[in-house]
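Input: a single structure, listed below in structure tokens.
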Amino acid sequence: MSLLQDILVYNDDFVKEHKYEKFITGKFPNKKMVIVTCMDTRLLELLPQALNLSNGDVKIIKNAGAVVVHPFGSIMRSILVAVYELQADEVLVIGHHDCGMSALHSGSMMEKMKKRGISDETFATLQHSGINLEKWLTGFDSVSESVAHSVDMIKKHPLLPSDVPVHGLVIDPKTGKLDLVVEGY
């Protein structure tokens with residue numbers, strides 16, 4: 001059976017047995033907060049537990065590295081939706097130690113792409129279209145600096161109200177210990 005089939009079979013039982021009932025909550029975050037964090041698998045259950053969060057408490061936006069790359073990209077749009085439409089009053093950016101983005105190198109990733117069938121012609125077309133894959137596919141050297149940069153980009157966004165605190169933290173993916181990088185108050 002495929003992974004998808006496993007999920008669908010489980011889901012059918014989940015719904016039939018009303019297991020969803022303990023997760024029912026409203027769309028507005030109880031703690032009026034939006035968190036931008038990494039998609040790392042180690043944070044799936046650890047992060048909410050380390051922050052004392054339950055279902056319905058916060059809005060969580062995940063991407064590789066908890067990085068806000070573009071001021072008008074989907075991450076920033078999601079933050080603004082959380083603030084203006086979903087009653088979030090604070091923003092947290094939470095990176096983590098031992099992040100895969102700290103080891104991301106464009107050359108290595110592009111080689112893996114070629115091995116999976118992406119042609120040199122595709123790379124050339126993207127380059128001629130003004131896409132700098134080397135820059136786009138590069139990670140960061142310091143998680144603390146990356147978090148501080150994302151906090152700064154969010155805080156200085158022209159559409160974010162000046163009274164919204166934006167905090168930056170780094171979590172240890174083994175212990176859940178939080179280190180404060182930027183206090184937004």
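The values are calculated or read from the model by the stated rules, or taken from the named source; none is laboratory data. If you're wondering where the values come from, they're calculated on a predicted model, not measured in any experiment. Here the Cβ is made from the backbone with ideal geometry for all residues, glycine too, and neighbour counts use every protein chain on show. Only protein heavy atoms, including side chains, enter the accessible area calculation; ligands, DNA and RNA are left aside. Shrake-Rupley method; radii C 1.70, N 1.55, O 1.52, S 1.80 Å.
Just to be sure I understand: of the beta bridges DSSP finds with both ends in the chain, what percent are antiparallel, rounded to 5? Counting only bridges with both partners in the chain, antiparallel ones make up about 20 percent. Volume per residue of the convex hull around the Cα atoms, evaluated for region 118-169, comes out as 116 Å³. Calculated mean residue ellipticity, 222 nm, the chain: -11000 deg cm²/dmol, from DSSP H runs (n ≥ 4) at -39500 (n - 2.57) each, averaged per residue and rounded to 500. Using a probe of 1.4 angstrom and keeping all protein chains present, the accessible surface of region 25-137 works out to 61 square angstrom per residue. If only the Cβ of Lys and Arg carry +1 and only the Cβ of Asp and Glu carry -1, the dipole of region 1-88 around its Cα centre is close to 380 debye.
When both region 96-127 and region 1-46 are represented by their alpha-carbon centers, they are found 30 Å apart. First compute the accessible area of the chain with a 1.4 Å probe, then give the percent of it belonging to carbon and sulfur atoms. Carbon and sulfur atoms account for 56 percent of the accessible area of the chain. In a simple Cβ point-charge model (Lys, Arg +1; Asp, Glu -1; nothing else charged), the chain has a dipole of about 180 debye relative to its Cα centre. Of all aspartates and glutamates in the structure, those lying under 20 Å Cα to Cα from Lys62, and not within fewer than 8 positions of it along the same chain, are Asp40, Glu45, Glu85, Asp89, Glu90, Asp98, Asp141, Glu145, Asp152, Asp172, Asp179. Its alpha carbons considered, the chain gives a radius of gyration followed by a Dmax of 19.0, 54 Å. When the Gaussian network model of the chain links Cα atoms closer than 10 Å, the mean-square fluctuations of Gly73, Gly117, Gly65 top out at Gly117. Projecting the Cα atoms of Val170, Gly65, Val182 onto the dipole axis of the chain, where Lys and Arg carry +1 and Asp and Glu carry -1 at the beta carbon, places Gly65 farthest toward the positive end. How high is the relative contact order of the chain, in percent, counting Cα pairs under 8 Å that sit 6 or more residues apart? Worked out over the chain, it gives 23 percent. For region 74-142, the fraction of C-alpha pairs farther apart than 13 angstrom is 75 percent. Cross-link pairs exceeding 27 Å between alpha carbons, from the set Lys27/Lys155; Lys27/Lys135; Lys59/Lys177: Lys27/Lys135. Model label sites at Glu183 and Glu111, defined 7 Å from Cα along the beta-carbon direction, differ in position by 4.6 nm.
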